[in-house]
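Please read the structure below before turning to the comments.
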Amino acid sequence: MADTLHLRLNPALEPDRWARQYAETRLVQIPDVFEPELAEEVSAILRDTLNWRLVFPEPTAQGEGHEIVVQLTQQDVQRMGREAVSAQIGAVMQRAQKNYGYLYDAYPMIQAYTSHWDQGHPIHTITEFLNSREFLDFGRTVTGAPVVTKADAQATRYARGHFLTRHVDEGHDQERVAAYTLGFTRNWQTDWGGLLMLVEEGLDVSRAFLPRFNMLSIFDGRRMHSVSPVAPFAGDGRYQITGWFRNDPPVRGAG
């Protein structure tokens, strides 16, 4: 499939139109970012071909603000057994009560690309496209940033009970220009949760966005935001590619 996947943005997109909106609101949602057939191909790759990892943070002995990101492959989960995994998830839930943490399935696209995981997999073609001149220039135009050098990327799948608590995306050296999400979720219902929510200082939600199909969202990640927990009765998974447009030097081999 990798040899036949030819990625490009929908030629009908008007980046200047979205740039004007982003300058006013610091958030845009761009429908039909890919042509329909290509969007279906990308969706199938996310849904049917990835070896998902269950990811969540785990604090270290250094205390609050210091954690490692645990990535459990499907093989890890089988080896550990249900009780051990449930205990770890229970601890994640306890920390989430204090607005700390996240739990979802992910495939770390940049790490996979630079570490040569799953060689020949079409997900790497998507990673290359997200770091192509075409996509980076589109992000630079829409955000109005002087420079965009690369894009972080991870594929995510939010299943029942998965969540992301409120936070801001500062970046270690303020290198994150803007957050983006590429949505490949169909027929999602509001009551299923999994909404991208913008949170104000008083903790009210000012806006919330339904996961949608073939939708590119770009927003200022320095605004507090979260993903609401996916309900136990949700009828599907929430599939997206998420990341940041950045202005630090590109990683060799991914640019």
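The values are calculated or read from the model by the stated rules, or taken from the named source; none is laboratory data. As the structure is a computational prediction, the values presented were derived from the model and not from experiment. Cβ sites come from the backbone with ideal geometry, for glycine too, and all protein chains shown count toward neighbours. Side chains included, ligands, DNA and RNA excluded: accessible areas come from the protein's heavy atoms. Shrake-Rupley method; radii C 1.70, N 1.55, O 1.52, S 1.80 Å.
Calculation over all alpha carbon pairs of region 114-187 in 10 angstrom steps from 0 returns a P(r) of 14, 39, 37, 10 percent.
Our Cα-only numbers for region 64-114 put the radius of gyration and Dmax at 12.7, 35 Å. A Cβ-based charge dipole, computed about the Cα centre of region 1-110 with Lys and Arg at +1 and Asp and Glu at -1, lands at about 480 debye. Taking all Cα pairs closer than 8 Å and separated by 6 or more residues, the relative contact order of the chain comes to 24 percent. Under a model in which nothing but the beta-carbon of Lys, Arg (+1) and Asp, Glu (-1) is charged, region 178-238 shows a dipole of about 240 debye around its Cα centre. With a cut-off of 14 Å, note down the residues of region 35-53 whose backbone N falls inside the zone around a label point 7 Å from the Cα of R82 toward its beta carbon. Under cut-off, by backbone N: nothing. A 1.4 Å probe, protein heavy atoms only, puts the accessible area of H225 near 10 Å². Each 5 Å bin from 0 upward holds the following percent of the Cα-Cα pairs of region 19-127: 2, 9, 14, 15, 14, 15, 15, 10, 4, 1, 0. Accessible area of L103 (1.4 Å probe, protein heavy atoms only, ligands and nucleic acids ignored): about 10 Å².
As a ratio to 2.2 N^0.38 Å, the alpha-carbon radius of gyration for region 147-252 is 1.10. Across all directions, the average flat footprint of the convex hull enclosing the Cα atoms of the chain is 14.4 nm².
Quick one, what does Rg over Rh come out to for region 200-247 if you take C-alpha atoms and the Kirkwood Rh?
Details: Rg = 13.0 Å, Rh = 13.4 Å.
Radius of gyration over Kirkwood radius for region 200-247 works out to 0.98.
When only Cα pairs below 8 angstrom with a gap of at least 6 residues are kept, region 116-221 shows a relative contact order of 23 percent. With the cut-off at under 16 Å, measuring from each backbone N in region 68-95 to a point 7 Å along the Cα-to-Cβ line of L203 picks out 95. Under 5 Å from the amide H of M224 lie the amide H atoms of V199, each residue being 5 or more positions distant or on a separate chain, with H modelled from the backbone and absent for Pro and chain starts. Under conditions of 10 °C and 1.306 mPa s, region 17-68 yields 103 µm² s⁻¹ as its translational diffusion coefficient, taking Rh as the Kirkwood radius over Cα pairs in the Stokes-Einstein equation. Split the accessible area of region 55-205 by element, probe 1.4 Å, and carbon with sulfur accounts for 47%.
Taking every protein chain into account, the accessible area of the chain amounts to 51 square angstrom per residue (probe 1.4 Å).
Note on N187 and L5: with the Förster distance fixed at 22 Å, the Cβ-Cβ geometry gives a FRET efficiency of about 0.35. The solvent-accessible area of D137, taken with every protein chain present and a 1.4 Å probe, is close to 50 Å². Summing Cβ point charges (Lys, Arg +1; Asp, Glu -1) relative to the Cα centre of region 63-184 gives a dipole of roughly 380 debye.
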